[in-house]
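All remarks here apply to the structure that follows.
The values are calculated or read from the model by the stated rules, or taken from the named source; none is laboratory data. Note that this is a predicted model, so its numbers are computed, not measured. Ideal geometry is used to build each Cβ from the backbone, glycine not excepted, and the neighbour counts take in all protein chains shown. These area figures cover heavy atoms from the full protein model, side chains too; ligands, DNA and RNA do not enter into them. Shrake-Rupley method; radii C 1.70, N 1.55, O 1.52, S 1.80 Å.
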Amino acid sequence: MMNLLSISSAVVASPLLWSMLSSTHAFVLQPPATTFSITSSRPKSSSPTTTTATHQSRQAQQRRSSLSAVSRKDSYDVTLLPGDGIGPEITEATKVVLEALSKRCGFELKLTEALIGGAAIDAVNDPFPPESLSQCLASDSVLLACIGGYQWDTNPRELRPETGLLRMRKQMGLFANLRPAKVLPQLIDASTLKPEVVKDVDLMVVRELTGDVYFGTPKGITVVDGQRVGFNNMIYSESEIDRIARVAGDVASKRNGKLCSVDKANVLDVSQLWRDVVTKVIASDFPDVQLSHMYVDNAAMQLIRWPKQFDTIVCGNIFGDILSDEASMLVGSLGMLPSASIGESGPGVFEPCHGSAPDIAGQDKANPLAMILSAAMMLQYDLDRPDEARLLEQAVEAVLDQGYRTADIKQEGDGCKLIGCKQMGEAVAKIVAEIELPTGASATTADVNA
């Protein structure tokens, strides 16, 4: 269960995750349960921060109790959403890694697949069927691969894969999306920008996920004066802005204390409200956070010109959709970047930032590392296993240190070995089985005896 407090405490325990902070058929497929050992009760609210002033205490309680906490337990139920395109391939590679981790650390992870996206449309004519929603809500966490493909692009809006993704976010209350971008030294040459521009880039985009023009009504296509007219509604309520500003403030306070709010307040009334509310929240409840504001067009330029000026960025749904993809390419490949979507209660959804890449689906060319790192984020934040999460992070970096690359991160003349999706998953799994355990990670009896 993702929560704001666990984000705060987990940051210190897992540097890479923090800094790097898209199916069943008509029936449910249940692969053999993997093994892990995890604990937990799930409080409905976290304890309010104690302050000296009554007003500060009330504000702190509002900020801290908006998301629920989780503690460890011995067995978890996790829903897998393989989705479309390369999704099933990277899901299988990630399952191999999780199986290796389970054998190494000895806790139980029960994995059950469910439908979403094009696979769901083909199977039950619904991009996110009620059965999938029920299963996700009943789980401790959700791990999503990716959705979409050319064959569904001409479907009616209600029968497109993206509609299922948006519905999942809305129905599960996933209002905050954390999308990190950190340039790893092993992959600095994979970026299309000069090394001196991207070296040491480490930023986080906090994107509001359930409001804005994607969800605003009225919307549609109608006929006016004999011609078709399409329209959408960019709309935010004060409470929607307030809660995402609190998440961003908390994230920024646990990083380097810098927060840039992105809007278009010079021409959009909704952005003026956004700026007013964000300013009020940060000033009243995060006084140690340095807040700045930037118009979205300038932000898009500055991310390319001087990305190191940013630490934490907060923005609405459509601006965040665009800027987070732009920021992720500073790293050189979407195939390296995980993300987390969180709500006020219930499980989070963890997914790679990349799309379904239908042009390479089924060819063993996909990069599974972003989904493996998304699984690490899941362990870190929803399942309260920071040490096991750190082990996965270290295994991914070790694979890169060993010179293994998938096609998206392979550079001509780099001396690295080109491998496929399946082999990359196996390489990470092998390191997971052999790498020194982080402090606090449990080991199986066989591992201890060895």
*Here are 360, 342, 322: which of them is surrounded by fewer than 24 Cβ atoms within 10 Å (Cβ to Cβ) and closer than 17 Å to residue 205 by Cβ?*
322
*Would you mind telling me which numbered condition in (1) open to solvent by 40 Å² or more (accessible area, probe 1.4 Å); (2) of a type outside the set (Lys, Arg); (3) over 27 Å from the mean Cα position of the chain (by Cα) residue 290 fails?*
(3)
*asked:* Exactly one of these conditions fails for residue 381: (1) hydroxyl-bearing (Ser, Thr, Tyr); (2) buried (at least 24 other Cβ atoms within 10 Å of the Cβ); (3) closer than 18 Å to residue 93 by Cα. Give me its number.
replied: (3)
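I'd like the residue in the range 272-284 that is among the aliphatic types (A, V, I, L, M) and surrounded by fewer than 20 Cβ atoms within 10 Å (Cβ to Cβ) and, out of all such residues, is farthest from residue 197 (Cα to Cα).
By that ranking, first place goes to 273.
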*Given (1) in contact with a Lys or Arg (Cβ under 8 Å, 6 or more places away or on another chain); (2) part of a loop (DSSP other than H, G, I, E, B), where does residue 413 come up short, assuming only one miss?*
(1)
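For every residue, the table says whether it meets (1) over 25 Å from the mean Cα position of the chain (by Cα); (2) surrounded by 12 or more Cβ atoms within 10 Å (Cβ to Cβ); (3) more than 20 Å from residue 324 (Cα to Cα).
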residue: 240; (1), (2), (3): no, yes, no
residue: 244; (1), (2), (3): no, yes, no
residue: 248; (1), (2), (3): no, yes, no
residue: 260; (1), (2), (3): no, yes, no
residue: 267; (1), (2), (3): yes, no, yes
residue: 270; (1), (2), (3): yes, yes, yes
residue: 286; (1), (2), (3): no, yes, yes
residue: 295; (1), (2), (3): no, yes, no
residue: 300; (1), (2), (3): no, yes, no
*Scan the range 230-249 and give yes if some residue there is within 30 Å of residue 413 (Cα to Cα) and of a type in the set (Gly, Ala, Ser), otherwise no.*
no
*Would you pick out the residues in the range 148-193 that are on the phi > 0 side of the Ramachandran plot and either open to solvent by 70 Å² or more (accessible area, probe 1.4 Å) or in contact with a strand residue (DSSP E or B) (Cβ under 6 Å, 6 or more places away or on another chain) (or both)?*
173
*Which of the residues that make up the range 96-139 are assigned to a loop (DSSP other than H, G, I, E, B) and open to solvent by less than 10 Å² (accessible area, probe 1.4 Å)?*
107, 114, 115, 116, 117, 127, 128, 129, 139
*Determine whether residue 374 is over 23 Å from residue 107 (Cα atoms) and of a type in the set (Ser, Thr, Tyr).*
no
*Among residues belonging to the range 416-436 that are open to solvent by 80 Å² or more (accessible area, probe 1.4 Å) and out of contact with any Phe, Trp or Tyr (no Cβ under 7 Å at 6 or more places or on another chain), point out the one that is farthest from residue 389 (Cα to Cα).*
418
_Selected residue (only one of 390, 405 is in contact with a helix residue (DSSP H, G or I) (Cβ under 7 Å, 6 or more places away or on another chain), farther than 13 Å from residue 146 by Cα, basic (Lys, Arg) and open to solvent by 10 Å² or more (accessible area, probe 1.4 Å))_ = 390
*Taking the range 67-87 only, how many residues are surrounded by fewer than 20 Cβ atoms within 10 Å (Cβ to Cβ) and either closer than 22 Å to residue 130 by Cα or in contact with a Pro (Cβ under 9 Å, 6 or more places away or on another chain) (or both)?*
2
*Just a yes or no: is a residue in the range 147-156 within 22 Å of the chain's Cα centre (by Cα) and in a helix (DSSP H, G or I)?*
no
_Can you find, within the range 194-230, the residue that is surrounded by the fewest Cβ atoms within 10 Å (Cβ to Cβ) among those that are charged (D, E, K, R) and part of a strand (DSSP E or B)?_
228
